[in-house]
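The values are calculated or read from the model by the stated rules, or taken from the named source; none is laboratory data. Note that this is a predicted model, so its numbers are computed, not measured. Virtual Cβ from ideal backbone geometry, glycine too; neighbours counted across all protein chains shown. Surface accessibility is based on the protein's heavy atoms, side chains included, excluding ligands, DNA and RNA. Shrake-Rupley method; radii C 1.70, N 1.55, O 1.52, S 1.80 Å.
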Amino acid sequence: MRGRSILCAFGLITPLLAQAQAPQKKDSLAKADSAARADSIALVHELEKELGKPAGDSGAAAQTPPHASGGYMNIGFVSLTDAGWSTEPDIGSLERGDHDPQVRGFTIPNTELALDGAVDPYFKGFSNIVFKLDKNGETGVELEEAFVLTTSLPANLQLKAGQFFTEFGRQNPQHPHSWAFVDQPLVLNRMFGPDGLRSQGLRVSWLAPTPFYTEALLSIVNSAGGATSSFRSEESPEIHGGRATERAVRGLQDMLIVPRLATSFDLTETQTLLLGASAAFGPNNSGSSARTRIYGVDGYWKWKPAAAQQGFPFISMQGEALLRRYDAAERVSADVPTVTLPNETLKDRGAYAQVLWGIKPRIVAGLRGDWARGDDASFDSELRADRFRVSPNFTWYPTEFSKFRVQYNYDDRKEIGSDHSLWFQFEFLLGAHASHKF
Amino acid sequence: MNLHRIATLALIAIAATGSSAAAQLRVVATTPDLASLAREIGGNVVNVTALAKPTEDPHYVDAKPSHIVTLNRADVLIEGGAELELGWLPPLLESSRNARIAAGARGRIVASTGVRMLEIPTSFDRSKGDVHSLGNPHFLADPVSVKIVARRISDHLAQVDPRLAASYKANLVRFNARIDAKMAEWQRQLAPFRNAKIVTYHKDFVYFANRFNLEIVETLEPKPGIAPSPAHLAKVIGTMKAENARVILVQPYQNRRTAETVARQAGAVVLDMPQQPGARPNTGTYFDMMDYLVTTLAAGLRGQK
Ligand SMILES: [Zn+2]
C-alpha cells in the first residue's frame, strides 16, 4: 500500500514539473492555464484512485465517521472514591454536599453513568444516572440529569427541556468529576443544598449577535423537589425552622425562575475572562405566599501560554459571590409545635474564590477560600451559621482518564471551633472522552 | 445615559456583524493547517479563521466562549476528524446553535473522510494510551492526503456557495498542480536520506515519514498521550545509539527540554518541526510550512551524516 502511493506520487511528478515552470514565462499565462487544465485530468484520475470513487460524485454530505464508543449513543462511566480523616467525627456536619466524603475512612460518593447522543436532526439527548454509597454503605440511585437540547432553532435560540442542573453561576451546572476540589463550595451548599440547584423544566438561551460572547439564559423549572433547597424542597425547613406549608402550583408565580447573563472576552492571545450574573426567584414553603430571591455574580479568568504542552502550564482563578433573601412567613416551629416563629426575612451571603496552578503536564496545585454567613433569626440553623474554610489541594492526572487528589481543609465554624480534615480522592473514567468545557 | 451609550454600541456591533455576513463566506477551521488549505481553495473571496493557535496542541485546545461566537457565524466548519478535536469541539458545537455546520450538513467538512488512515487500532484499549479509534489523526503532514482533503473542501465550498463553484474548482486544480510540483521538490530534497532513522516526541510524523521514506524508530512518549518516563527514555537512547538515529523532531507544544536531554545522551540533535503553518516565522501557508519541515529535516540529517 505504501509502495503504491509513492508510485502514484512519482507518476505525477514529470508532467507537473513542466507545468510548474510554465507560469514563469510571463507572456504565456493563458497557455499555462490551459496546460493546467489538461493536467487536471490526470490529477482528477489520481484523486479518483485516492478516493476510490468517481470524481463526478461530489459527495453530497460529509460522512461523519461513527463514534467508536458505540452506535447511536456515547457512554461514559466515571467513578469517584474518597478516603480520609477529620478531627470532626460527624463528617456530615462538615461536608454537607451529596458528593462530598461522608465518613472517616472510605466513601464512594459519586459514580456516574453518562449517556448522550443525537436524538434526531433536531435534538441532542443527555442523561446522567448517579449511583452512590451512603454512609451505611447502601447504594442509592438518582436520575441526576435527563434532558434534550435543540440543535437548530432559528434566531440563535436554544431550548433545553427535562431535568437539569440550573445554569446559575459557574459551578452549579458542573458534575463532581469536573470540580477542582473534593467538596462543594460552602456557599453553593447553603444556597442550593447538598445536590446543587437542579429541577425539571425548560431553559431557553439566546446567543446575542455581539462581536464578543454574550449569552442570556432563562430557566423556568419546578420549585419543589429534592434539589431546590431554598425554595419548596422538603429539606427547606432546615433553613427556616418551621413546618413546611403545602402549596399547590397555581401559576407562573409558583415556578422557579432563573435568569442568567454571561459574557466573555479574550483579553490577550493567552488570557480569557468570563463574567456572569445570575438570579433565582421562587416561592418557599415557610408560608403560603413566602418567596426567596437569590442573586449571584461569578468570574473566571484563565491564562495559558500559546504553546502549552497538553494544556499545561496554566493559571486560573474562579470565584462566585451569592446573596439570599429568604422571606420566612409566620410559621409553626418544626421542632416545638407550641412555638410560633415570627415573620422575618433571612439574609445570607457567602463567597468562594479558588486559584489553580497547572504547574507542569498533569499536575495541578489548588487553593480555595470559602466564606459564608447568615444574619440572626428566631431560628438557629447550622446551615446559616458563620463559617470559614481554607482548602489547599494537589491533583495528579496520570492521564485524562484518571486522577489522584489530596486535599487539606481547615474549617472554622462559629461557636463550634476549628477542624482539620485530610481527604484523598481517586477517580477513573471509562468510555466516552470527557470533553473539556471552558 | 450610560445605558444609552451601551445600547447604541451594541446596535452598531449588531449592524456591523450583520453587514459583513452577506459579503464573504465564513470558513472556520479547527487548526491552522486546515485553515491554510481553505485559503488555498477558497481564495480571497472567503474569510477563513482557525480556532487553534499555530503553536497550540490541537488535542488540547481550550473551548473558549469566543470560539462559540466564531462557530455561530460560520458558513463552513472544517475539522480534522478522527477524534483529533474530541476533547474540545463537541461542547462548542453544542453551544454554537448553527445548523449550517451541523454533522452531515454541507457546511461541515470532516477532513479525515476519504483519507487512508494509518494505525487504526484493532481493539479499543486505553491501556495502549490515548489511541484514536479511527486512526492516527496527523495525516495533513502527507501532501498526498492533503490533496484528498483539498478536494473535499472544494466540493463543499461549491455546494455551500454555488455561484463560485467554478472558482473553487479552478483553485483546486491549481493547488493540486502546485502540490505535485512541490512534492517532486520535497522528494528530491529528502531522497538522499532514504530510510533515515528518526525519533519523534508524539506519534505525529507517521504520515510524513511514510510519504518521505523515513523510519521512526522511537517516540519519546511511551504510548500516545503518556508522559515520557525515565526508563522509557533510557530505552530510547539505547535504540537511537544502536540504530544510529540522529534527530528528534519536536513540535512547539512538546517538552523540548526532555528532547534535549535525550539528544545530548544519544549524540543527536533536536529539530523544531511544527506541523502548523504560522508556528515559525515565514511559514504562513501549508507550502511554506512543508518547505520549512523538509529543509529543516534535510539540514538536520545532513549535519549528522
Ligand atoms: Zn495525536
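Which distance in nm do the two modelled labels at A:TYR408 and B:LYS223 give, with both placed 7 Å along the Cα-to-Cβ direction?
Each label point lies 7 Å from its Cα, and together they span 3.4 nm.
How many partner chain Cβ atoms sit within 10 Å of a residue's Cβ in peptide A:108-121, on average, as a whole number? It would help to have the intermediate numbers written out before the result.
Details: counts 0, 0, 0, 0, 0, 0, 0, 0, 2, 0, 3, 0, 0, 5.
Per-residue shielding by partner chains comes out at 1.
Between B:ALA191 and A:HIS420, what FRET efficiency comes out of the Förster formula 1/(1 + (r/R0)^6) with R0 = 45 Å and r the beta carbon distance, rounded to 0.05?
0.10
Quick one: 3J(HN,Hα) in Hz for segment B:198-215, Karplus 6.51/-1.76/1.60 with θ = phi - 60°, rounded, Gly and Pro as x.
The phi angles translate into 10, 10, 10, 7, 10, 7, 10, 10, 4, 6, 4, 5, 4, 5, 9, 6, 10, 10 Hz.
Rank B:ARG163, B:ARG26 by accessible area, highest first, at a 1.4 Å probe radius?
B:ARG163, B:ARG26
For B:102-112, what's the mean count of beta carbons from other chains sitting within 10 Å of each residue's beta carbon?
Shielding by partners across B:102-112 averages 4.
Treat each spin label as a single point 7 Å out from the Cα along the C-beta direction, and report the A:TRP303 to A:GLU142 distance in nm.
A separation of 3.8 nm, rounded to one decimal place.
Could you grab the relative contact order for chain B? Cα pairs under 8 Å, six or more apart, rounded to a whole percent.
Taking the mean separation of contacting Cα pairs over the length of chain B, I get 15 percent.
On a 25 Å Cα-Cα criterion, which of the cross-link pairs A:LYS304/A:LYS437; A:LYS414/A:LYS437; A:LYS360/B:LYS223; A:LYS124/A:LYS304; A:LYS160/B:LYS64; A:LYS360/B:LYS241 come out too long?
Long pairs (Cα-Cα over 25 Å): A:LYS414/A:LYS437; A:LYS124/A:LYS304; A:LYS360/B:LYS241.
What is the distance in Å between the Cα centres of segment B:193-225 and segment A:228-249?
When both Cα centres are located, 64 Å separates them.
Can you order the peptides A:119-130, B:236-247 by their average number of other Cβ atoms within 10 Å per residue, highest first?
Descending packing order for the listed peptides: B:236-247, A:119-130.
Once phi is turned into θ = phi - 60°, what whole-Hz ³J(HN,Hα) does the Karplus curve with 6.51, -1.76 and 1.60 give for every residue of segment A:276-286, x standing for Gly and Pro?
My calculation for segment A:276-286 gives x, 9, 9, 8, 9, 10, x, x, 10, 9, 7 Hz in order.
Tell me, what is the FRET efficiency for A:ALA248 and A:LYS437 to the nearest 0.05, using R0 = 45 angstrom and their Cβ-Cβ distance as r?
E(calc), rounded to 0.05, equals 0.75.
Would you work out which of B:ALA234, B:LEU249, B:MET289 lies farthest towards the positive end of the dipole of segment B:223-305, given +1 charges on the beta-carbon of Lys and Arg and -1 on that of Asp and Glu, about the Cα centre?
Highest projection toward the positive end goes to B:ALA234.
How far apart, in nm, are the 7 Å Cα→Cβ label points at B:ASP125 and B:ASN282?
If labels sit at B:ASP125 and B:ASN282, their model points lie 4.8 nm apart.
For B:90-96, what's the mean count of beta carbons from other chains sitting within 10 Å of each residue's beta carbon?
Values: counts 7, 4, 3, 2, 8, 8, 4.
Average per residue, whole number: 5.
Dipole magnitude of chain B about its Cα centre, charges +1 at Lys/Arg Cβ and -1 at Asp/Glu Cβ only, in debye to the nearest 20? The partial results should precede the final answer.
Working: 36 positive and 27 negative charges, 90 e Å.
With Lys and Arg at +1 and Asp and Glu at -1, about 440 debye.
In segment A:298-379, which chymotrypsin sites (Phe, Trp or Tyr not before Pro) fall in coil by DSSP and have 10 or fewer other Cβ atoms within 10 Å?
Sparse-neighbourhood loop chymotrypsin sites (Phe, Trp or Tyr not before Pro): none present.
Choose one of A:TRP206, A:LEU274, A:LEU252: the residue whose Cα lies farthest towards the positive end of the charge dipole of segment A:187-275 (beta-carbon charges +1 Lys, Arg; -1 Asp, Glu; about the Cα centre).
Positive-end residue among those listed: A:LEU252.
Take the solvent-accessible surface of the protein heavy atoms, probe 1.4 Å, and return the percent of it on the protein assembly as shown that carbon and sulfur atoms account for.
Carbon and sulfur: 60 percent of the exposed surface of the protein assembly as shown.
Using the Karplus curve 6.51 cos²θ - 1.76 cosθ + 1.60 with θ = phi - 60°, work out ³J(HN,Hα) for each residue of segment B:282-297 in order, rounded to whole Hz, and write x for Gly and Pro.
Each residue's phi maps through the Karplus curve to give 6, 10, x, 10, 4, 5, 4, 5, 5, 4, 4, 4, 5, 5, 4, 5 Hz.
Under a 1.4 Å probe, what is the accessible area of segment A:242-303 per residue, stated in Å²?
45 Å²
Using the C-alpha gyration tensor of segment B:106-246, what are the square roots of 5 times its eigenvalues, in whole angstrom, with the largest one first?
35, 21, 9
Taking both sides together, what accessible area is buried at the B/A interface, probe 1.4 Å, expressed in Å² and rounded to the nearest 100?
It comes to approximately 6500 Å² buried between B and A.
At 1.4 Å probe size, put A:TYR295, B:TYR201 in order of accessible surface, largest to smallest. Don't skip to the answer; put the middle values down first.
Values: A:TYR295 95, B:TYR201 10 Å².
Final ranking, largest accessible area leading: A:TYR295, B:TYR201.
Take segment A:232-314, drop everything but the C-alpha atoms, weight them equally and run the Debye formula without solvent; then report log10 I(q)/I(0) at 0.15 Å⁻¹ to two decimals.
Debye curve over Cα of segment A:232-314, log10 I(q)/I(0) at q = 0.15 Å⁻¹: -0.68.
Taking all protein chains together and a probe of 1.4 Å, list A:GLU238, B:GLU85 from the most accessible to the least accessible.
A:GLU238, B:GLU85
Please work out the FRET efficiency for the pair A:GLU234 and A:VAL332, using the Cβ-Cβ distance as r and a Förster radius of 22 Å; give the result to the nearest 0.05.
Computed FRET efficiency for A:GLU234 and A:VAL332: 0.85.
Taking the convex hull of the alpha carbon atoms in segment A:178-266, what volume per residue do you get, in Å³?
129 Å³
Compactness ratio of the protein assembly as shown: Cα Rg over 2.2 N^0.38 Å, N = residue count?
1.08
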